[in-house]
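Trainee: Got a structure here, written out as structure tokens. Questions coming.
The values are calculated or read from the model by the stated rules, or taken from the named source; none is laboratory data. Nothing here was measured: the structure is a model prediction, and the numbers come from that model. Cβ atoms come from the backbone with ideal geometry, glycine included; neighbour counts cover every protein chain shown. With ligands, DNA and RNA removed, areas are computed over all heavy atoms of the protein, side chains included. Shrake-Rupley method; radii C 1.70, N 1.55, O 1.52, S 1.80 Å.
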Amino acid sequence: MRRAAHADELWLRTPSSPSGPAWWSRIRADARRLVPFAGLAFFALALWGLQQSLHGLRYEHIVSALAALPSWRLAAALAITVAGYVVLAGYDMLALRFIRHPANAGTVATAAMVSGALGNNVGNTLLAGAAVRYWIYTAAGLTATQITRVVLFCSGGFWLGYLFLGAFAFSLKPLALPAPLHLGLVTTRPLGLVLAAVLAGWLTLCVRGRPMALARLRIELPSVPLTLGQIAIASCDLSLMGTALFVLLPPAPGLTIVTFAPVFLVALIAGAASQVPGGLGVFEAVVMLLLADRLAPRDLAASLLAFRAIYLLLPLLAAAVFVGLRIGPKPRSAWRAWVERGTRSLQAIAPSVVAALAFVAGAVLLVSGALPAAVGRLVLVERLFALPVIEASHFFASLIGSALLVVARGLQRRLDAAWLLATGLLAAGAVLSLLKGWDFEEASVLAIVLLVLLPLRRQFYRTSSLLNAPFTPAWVASCAIVLAGSTWLVLVTQSEAGLASQAWWDFSWHAEASRSERASAGAIGLFVLLALHHLLRPARDRSRLPAQVDIERARPIVERCTRTYANLVFRGDKSLLFSTAGDAFLMYGRRGRSWIAMGDPIGPEDGVREVAWRFREQCDRADGWCVFFEVGADRRELYAELGLVLTPVGEEARVDLSAFDIETPAHKDLRHARSRLQRAGCRFEIAPRAAVPALLPALAGVSRAWLAHKATHEKGFSNASFDEGYLSRFPVAIVRRGQDIVAFANVWQGAGREELSVDLMRHRPDAPNGTMDFLFGELLLWGRTEGFRWFNLGMAPLAGLESSPGAALYDRLGGFIYRHAEHFYNFDGLRRYKAKFRPVWTPLYLASPGGLALSPVLLDVTALIAGSVGGIVSRRDSSPAHRPRARRLPRDALR
């Protein structure tokens, strides 16, 4: 069933704060790993409850009850399902109105329906803890702040509807709770009154119209009309879902839609609280327990099976087919442009949709292997095939089901081997389903999944090993739930006499109990072997600073890169991760739980995607947060594929050198500085690389004087420091007064003369006023003469963030810091200095998991740059790691 998004999907913009002591961090990490297994425990409890409810009931009875369901009931449930999924778009329409963002109908419909289909079936087990809405809206261009508010609004709206319906259903038609569900309550009336009070309190807060303060958080509340809209949409959504199940139930005395509502709502909350994907088993167990005195168990079980197939599985198949058609052959009808606009972001989520479908296909094969053959079909197969063919088909079909659970993880991570293996497994599974008992229903499901998967070949481009994909606790728990459920079905559906009289090694036409036991044992054994292979493989090398050979390996890639930030690799203070072919790399550092890559990966597109995914997997294996710092929006879709959201951190200033002219009125300050410095006897020159070693003593003197005068310390990661070996790699721009060097900056040159930039820049305290203006003006003129296209002035941190009352909390916080933190960081002065060169401003982002992780991630990034947490607010660094080599300056510190 639909659940509220997990805490790691939702985040509020708060001031950064330390993550706490190491022992507390370990406890929290262990708790995160154990949460999915709590769902496994609830699932086991639900299986026990179902077994008690179905005691004495034969499998054939349920099949006959399912076949006896009237066609009009099935058709009505299907029509209600379509209406229910259409209503889901209302959540997103209201949410986009709440954040004041124009809504594209196609994007809204895609986000609502695809996320609904996936969330109802698998929750977050295959989506790496990130909501589908994040991926769709990130690729569609919304900021991380906007997406967060959309997800919070939609999730909160669902529970507002639950509060509204629950308050009426539990209070006006109280339900007597059986002993297992008492939890201190005899009926649901007290719960209904509590829900009514909570809803009334929320409405009161909305009427006040002021943000709600919760500890250090400030939560912006929707207006009363929007809140009422949330309640209306969610109430309609829940009512349609409950009605879809109600129309499948047979008539019973005293059972109306009104008396059924509290039953449905109690089962829904139980399934959500269990953490089991889709509430599988838990929802059914609670409904059967509450309606045991009104309906026969076999009729109730048949209706629940039909409801799960119609309301949950069919929409998932429809979502997968929609994604396949959209990304495969393009429509040629008149609404092609509408589809293009509305579903262009499906590239990011297509692998997850297919992965969920492959996971369901594997579960279908395992369930089919646990059930007896349909009456009459085995007789038909006997006439066509020998017994060994039937036995082998049944056994290997279950093995394929277990393998699909593993391959689904690789599909979600876009592995090419997973695509190849999945296509083969699905085709083989469909054939084996027909051979083992003419199970054309299972074969049809697998064929649909295969047809959806085939046109998506280009979406699976990664060459990483399938068995190297990390086994996350949520995924392992989900696989365990499927395997445990299929094993439970063997015990429930096979007669006790059959299980007692047939050993698992018995082979005969009608030894179905033995056949099912072998299939379940084989499926579990295959999964255990794969898990052991993963656990016992050799440990990975830990990250380390690069050796000189690693830097030289990166040098040809840097020389082919048009962006100059790639030269930061020569600092040697960041770990390097290369693609398999060695044609791409990224540089990264670690702080706390954050693994922080500096900029976008560098290299050709295929190599960039591969190394970005390898970095993500490396972070997952270490239970770390995957972060990319100072990245552009042009790779938005890649970061959406990785499950990351973009948070603005500032703006990059680039000067178009072809349009730069110091003689224009706009640059009169630069022109005056040039004239004044030349009259004072200053001159500009470019020292080539070969001449730099002889200049190093003089440059070191300038650097020491600058640091002493500024009373500051060197910084790192995204910034350079005075390092003789590093400076010797580049030409240096110099300002001399007479023969003395009074200012310098090392010069970065991008491939193809696309970009020119500087990194480390220093000047003597007694240098004439306007020295840096003179240096940069002359350097821009030199770059234009040399044929460079752009001059990169670097990033202005926090520039360009919204600061109006309607802006998001993070943006307002960034604007506040930008205006009032001048004592420590000259944000506004830095931007104004760069603005005098009339640059083109481009936003830069932090790609991170978002959610509650954002605050500690921001702290980790800032501390990594500053050298320590104390260095963030101190001009001098007290970190022991920086005392021996305290010579780092932000490359953007143009003060």
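Trainee: Keeping all protein chains in position, work out how much accessible area Arg544 exposes to a 1.4 Å probe, and write it in Å² to the nearest 10.
Mentor: Roughly 140 Å² of Arg544 is accessible to a 1.4 Å probe.
Trainee: With each label point set 7 Å from Cα along the Cα-Cβ vector, what nm distance links Thr562 and Asp766?
Mentor: Calculated label separation equals 4.6 nm.
Trainee: Sticking with this one: Pulled fully out, how much extra length does the chain show between His709 and Leu387, if you take 0.36 nm times their separation in residues and subtract their Cα-Cα distance?
Mentor: Separation in residues times 0.36 nm, less the Cα-Cα distance, equals 106.9 nm.
Trainee: Taking 0.36 nm per residue of separation and subtracting the Cα-Cα distance, what length does fully extending Met93 through Leu451 add?
Mentor: Roughly 125.7 nm would be gained on extension.
Trainee: Further question: Tell me the carbon and sulfur percent of the accessible area for segment 41-84, rounded to whole percent, probe radius 1.4 Å.
Mentor: The value for segment 41-84 is 71 percent carbon and sulfur by accessible area.
Trainee: How large, in percent, is the carbon and sulfur part of the accessible surface of segment 203-325 at a probe radius of 1.4 Å?
Mentor: The value for segment 203-325 is 73 percent carbon and sulfur by accessible area.
Trainee: Give me the distance in nm between label points sitting 7 Å out from Cα along the Cα-to-Cβ direction at Ile257 and Ala659, one decimal.
Mentor: 6.2
Trainee: Pulled fully out, how much extra length does the chain show between Ala67 and His55, if you take 0.36 nm times their separation in residues and subtract their Cα-Cα distance?
Mentor: 2.2 nm
Trainee: Right, here's the next one. Projected onto the charge dipole of segment 591-722 (+1 at Lys/Arg Cβ, -1 at Asp/Glu Cβ, origin at the Cα centre), which of Pro604, Leu695, Leu657 gives the Cα projection farthest towards the positive end?
Mentor: It is Leu695.
Trainee: Given R₀ = 51 Å, what would the calculated FRET efficiency be for Val528 paired with Glu724, taking r from the Cβ atoms and rounding to 0.05?
Mentor: Result of the calculation: an efficiency of 0.35.
Trainee: Could I have the simple spin-label model distance between Arg753 and Val194, label points 7 Å from Cα toward Cβ, reported in nm to one decimal?
Mentor: Taking the two extended label points, one gets 7.4 nm.
Trainee: Just from the alpha-carbon atoms, what are the Rg and Dmax of segment 596-635 in angstroms?
Mentor: 10.3, 28
Trainee: Another question, if that's okay. Per residue, what volume in Å³ does the convex hull of the Cα atoms of segment 266-309 enclose?
Mentor: Looking at segment 266-309, the number lands at 57 Å³ per residue.
Trainee: Sorted by packing (mean other beta-carbon atoms within 10 Å per residue), highest first, where do 424-437, 219-232, 693-706 land?
Mentor: Descending mean neighbour count gives 424-437, 219-232, 693-706.
Trainee: Would you list Thr145, Thr842 from the most to the least accessible area, probe 1.4 Å?
Mentor: Sorted descending by solvent-accessible area, the residues read Thr842, Thr145.
Trainee: Something else now. Please report the net charge: other residues with Cβ closer than 10 Å to the Cβ of Arg563, K and R +1, D and E -1.
Mentor: Result for the local shell: -3.
Trainee: Hey, another quick one. So, R0 is 41 Å and r is the distance between the beta-carbons of Asp740 and His101; what FRET efficiency does that work out to, to 0.05?
Mentor: Efficiency for this residue pair is about 0.15.
Trainee: What ranking of Arg736, Arg458, Arg100 comes out by heavy-atom accessible area, probe 1.4 Å, highest first?
Mentor: Arg458, Arg100, Arg736
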